[in-house]
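Here's the structure, in structure tokens; my notes come after.
The values are calculated or read from the model by the stated rules, or taken from the named source; none is laboratory data. Worth saying up front: this structure is predicted, and the values here are computed from it rather than measured. Here the Cβ is made from the backbone with ideal geometry for all residues, glycine too, and neighbour counts use every protein chain on show.
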């Protein structure tokens, strides 16, 4: 009897190759859904899609007023603090928004998961596509602020492409982890914002780790091991300081690839559980 190649028993665990082939078949869904969601965002507001540019600018402005003007961080040895701040805020915010969106991707799409048979990794991948587009808008804002504060573009700004790819892979690995974790423990959505806030303050976004912990080499070494700190550093090097450190790029790439592989395997192990609850 002839077999239908597109059909299989429900609940049968497919091989990794079959799973990746299925993901490729769903590539249009992975791209179309987040693009439609992005177009739908802010469509009823006066400024519409301009909010994709305004939001990151307002976010950086608030941090600058609090830490740069009120607390006087810019007078603490940081040259061109607005530029220093905008890069850190934009880079970290990409990871923060990706995790907050990705954490609920299985839970909020529960009906879809229960009624359709598709590789569940499609949902985190859709989150990644949406995050890349949103982050691209934020990058434009970041560059405008850099230009306004006297930073001049260099050839290293072309590193935007490998940076975006590396950061997207890094975020996707984390999203795989939090998506499954939130599915099993729904309270994750409640404490995740607090965990992200702590992570924000220890990642060198607002204050250089070298300046803050100059007399504490152990603490400085621990904070430098923070993976998002390395990604912030390569962005600042390329877009602000016009430098390129291969060691930092290798470290960031190792984190990104390692998290992607571990996160994907962790997420896939519960593939047949997501539609049960």
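Here are a few things to note about the model shown:
- Residue within segment 148-157 that is at pLDDT below 90 and within 20 Å of residue 189 (Cβ to Cβ) present: no
- Lone unmet requirement of (1) surrounded by 13 or more Cβ atoms within 10 Å (Cβ to Cβ); (2) more than 30 Å from residue 234 (Cβ to Cβ); (3) modelled with pLDDT under 75 for residue 19: (3)
- Search result, residues across segment 141-153 that are in contact with a helix residue (DSSP H, G or I) (Cβ under 9 Å, 6 or more places away or on another chain) and exposed (fewer than 13 other Cβ atoms within 10 Å of the Cβ): 148, 150, 152, 153
- Residue among 119, 153, 124 that is free of Cβ contacts under 8 Å to residues at least 60 places away in the same chain and out of contact with any strand residue (DSSP E or B) (no Cβ under 9 Å at 6 or more places or on another chain): 153
- The residues in segment 251-276 that are assigned to a helix (DSSP H, G or I), at pLDDT below 95 and either at positive phi or surrounded by fewer than 13 Cβ atoms within 10 Å (Cβ to Cβ) (or both) can be counted, and the count is 1.
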